[in-house]
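None of the figures in this text is laboratory data; all of them are computed from the coordinates on show. Only a predicted model underlies this, so the values are computations on that prediction, with no experimental measurement involved. Note: ideal-geometry Cβ built from the backbone for every residue, glycine included; neighbour counts use all protein chains shown.
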Amino acid sequence: MSRKPRSKTRKLQLQSLSILGVVAVVCAAAYFFFFQPASLLSKTAETQTIPESSITKTAHADFPALFNVVETAEHTTTPFTLHYVLTGKALPDALLKDYIQQLKESYIQTADFTGSNNLVLDATVIPYQDAFYSFTLHKRILQQDVQVSSETKYFFYDATAEKFVTFKQLLNHEEDKLATIVALLRQTVEQNSQYDHLVNAFFMQPDYVPTWRDFERFTLANDALTFTFATNSTPALMDIPLPTEKINDLLREAYQLPLPKMANVVPADYVLDPTKKRVAITFDDGPSPTVTPQVLDTLKKYNAKATFYVLGNKVEESPELAKRIVDEGHEIGNHTWTHPNLVNLTDEAILDEYTRTTNAIIQATGYTPSTFRAPYGSINERVQNVVPLEAVMWSIDTLDWKHRNPNATVNIVNANLHNNAIILMHDIHQPTANALDRVLANIQAAGYEMVTISELSLYID
Ligand code: NI
């Protein structure tokens, strides 16, 4: 009790001291304001101050959860042009603005005031699912038009939770999953000569123990998780993408892609029986609302399984037929969107033909195709490298599209039938559907099972 008055006195003393302090600072500021010691102020302005900038913030054209920001300062010695991204949410934006502020400060501190400087920041946004974004902010500092430093900062943003997610959080803090990532990276480097610059990277060392900090530079997209690593040569940085199918299970459940099941009709417990003879019947270019239903009815009559290499645009027109193909136990395969000769297309156009078709099949059936056939069987090494599935050819061409004659179709199949044959027909021509009953009866009478391409591939691979 007795100590109370004493502490009160002490508080008063402290307050008066701090008032004195404030008065002193104000006086000093007034002195500088009115008298402006020229030498001191101008030096401060040139060497210490971040130039004034103008900021334009607009809604991001592609991603409604984000804003595009352009911040520019037109200054004679230390201008800058910064493109970056904001989220419109307090916490993530505080972090982003803090990064931008640090960037400007270090730029001014290291600027060379004997000549021109420039700071340029570029932003890239990569979406993942509906509400996740990887941002990369790429910084370049130039002095006398020569780049003196560059750096890329990586962010992974969860727009639903309004927060940034670290790689450790993405993998649910599980270190054994990090070891799997390292194993996948090593495998990628060892199997692809394009990553030769990384054979001596830190994660390739046999005694390397993975740490989360080594994997902060990543972007996650719907097709791949990509890491950026430094090399000891040119290029200084290299990206290694790990396909989503390989890493999806490693992600925390909330971040996993709802990947469709493979439309591979071979059951997991399938027992190989090499003593049986079998053929795979394939139907290309459909589905056709007028022909495919009859084909499916005839296959059902003989308990035969077939593979349908469908065109994406026709699946989009008749999704219920694509669904029926899968529901009745047949295999569905990708035969491109517009049936082009792929060898004449650019890599980008080939991938577009493939991806659009796979997406249409997923949309219609819930399954992703695990088999692909190139239109006209026209394939080369480049096309095959672009398309993620190996192109399947055929061994018996019925030429049904050409002669349009049921008897000819029946005769060609009979004359060429062999074990492990792949028979090519088209479920867009009525004569083919009309020939099918006899074709299947003959194949069955000759002792062959009629299986899908996936099932056949178990025997011929
Ligand atoms: Ni075709």
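Given R₀ = 35 Å, what would the calculated FRET efficiency be for ASN405 paired with ASP352, taking r from the Cβ atoms and rounding to 0.05? For ASN405 and ASP352, the calculated efficiency is 0.45. Against the main long axis of the alpha-carbon atoms of the chain, helix 38-48 sits at an angle near 20°.
Close amide H contacts of MET262 (hydrogens built in the peptide plane, cut-off under 5 Å, sequence separation of 5 or more or a different chain): THR368. In the chain, helical runs assigned H by DSSP with n ≥ 4 each contribute -39500 (n - 2.57); averaged across all residues and rounded to the nearest 500, the mean residue ellipticity at 222 nm is -12000 deg cm²/dmol. Segment LEU272..ASN416, full-extension length gain: 49.4 nm, with 0.36 nm per residue of separation and the alpha-carbon distance subtracted. Taking every Cα-Cα distance in the range 41-189 and sorting them into 5 Å bins starting at zero, the pair-distance distribution P(r) comes out as 2, 8, 16, 18, 15, 12, 11, 9, 5, 3, 1, 0 percent. For ALA421, the residues whose modelled amide H falls within less than 5 Å of its own, excluding neighbours fewer than 5 places apart on the same chain, are ALA280. Of the chymotrypsin sites (Phe, Trp or Tyr not before Pro) found in the range 254-301, the ones in coil according to DSSP and having at most 15 other Cβ atoms within 10 Å of their Cβ are TYR270. Residue by residue, the range 450-455 carries 3J(HN,Hα) couplings of 10, 10, 7, 4, 4, 5 Hz when phi is fed to the Karplus relation 6.51 cos²θ - 1.76 cosθ + 1.60 (θ = phi - 60°); x denotes Gly or Pro. Checked against a 22 Å cut-off, the cross-linked pairs LYS276/LYS402; LYS168/LYS246; LYS57/LYS153; LYS57/LYS97; LYS261/LYS300 give Cα-Cα distances beyond that limit for LYS276/LYS402; LYS261/LYS300.
The stretch between ILE460 and HIS138, if pulled fully straight at 0.36 nm per residue, gains 111.0 nm over its current Cα-Cα span. Treating each Cα of the range 277-460 as an identical point scatterer and summing with the Debye formula, the log10 of I(q)/I(0) at q = 0.08, 0.09, 0.13 Å⁻¹ comes to -0.22, -0.28, -0.60. Under Stokes-Einstein, with the Kirkwood radius over Cα pairs as Rh, the value for the range 354-400 at 4 °C and 1.567 mPa s is 107 µm²/s.
Ellipsoid semi-axes for the range 145-214, based on the Cα gyration tensor and the rule √(5λ), read 25, 22, 11 Å when sorted largest first.
Each Lys and Arg contributes +1 and each Asp and Glu -1, all at the Cβ; summed about the Cα centre of the range 190-268, the dipole is approximately 180 debye.
Dimensions of the chain based on its C-alpha atoms, expressed as ranges along the principal axes with the largest first, amount to 109, 64, 47 Å. Taking the Cα centre of the chain as origin and assigning +1 to Lys and Arg Cβ atoms and -1 to Asp and Glu Cβ atoms, the resulting dipole is close to 2020 debye. Projecting label points 7 angstrom from Cα along Cα→Cβ for ASN303 and ASP62 puts them 5.2 nm apart. Shape annotation for the range 181-319: C-alpha extents along the principal axes are 63, 42, 32 Å, from largest to smallest.
All distinct Cα pairs of the range 353-434 go into the 1/r average, and the inverse of that average, the Kirkwood radius, is 14.7 Å.
Antiparallel as a % of all DSSP beta bridges within the chain, to the nearest 5? Working shown, then result.
Numbers: 49 of 76 bridges.
DSSP beta bridges in the chain are roughly 65 percent antiparallel.
In debye, nearest 20, what is the charge dipole magnitude of the range 50-165 about its Cα centre with +1 on Lys and Arg Cβ and -1 on Asp and Glu Cβ, if you could check? The calculation lands at about 120 debye. Hey, what angle do you get for helix 347-365 against the long axis of the chain, alpha-carbon based, 0 to 90 degrees rounded to 10? Approximately 70 degrees, to the nearest ten.
Give the shape of the range 168-259 as rounded, prolate or oblate, defined through the alpha-carbon gyration tensor: a ≥ b ≥ c are the square roots of its eigenvalues, a/c under 1.5 means rounded, and otherwise the shape is prolate if a/b is larger than b/c and oblate if not. In terms of gyration-tensor shape, prolate. Remind me, relative contact order of the range 168-259 in percent, using alpha carbon pairs under 8 angstrom and six or more residues apart? Over the range 168-259, the number comes to 27 percent.
Do any chymotrypsin sites (Phe, Trp or Tyr not before Pro) in the range 294-370 lie in a loop, going by DSSP, with at most 12 other beta-carbon atoms within 10 Å of their beta carbon, and if so which? Here no loop site has a sparse enough neighbourhood. Backbone geometry of the range 394-406 corresponds, through the Karplus equation with coefficients 6.51, -1.76 and 1.60 at θ = phi - 60°, to 3J(HN,Hα) couplings of 8, 10, 10, 9, 6, 6, 4, 5, 8, 7, 6, 10, x Hz, x marking Gly and Pro.
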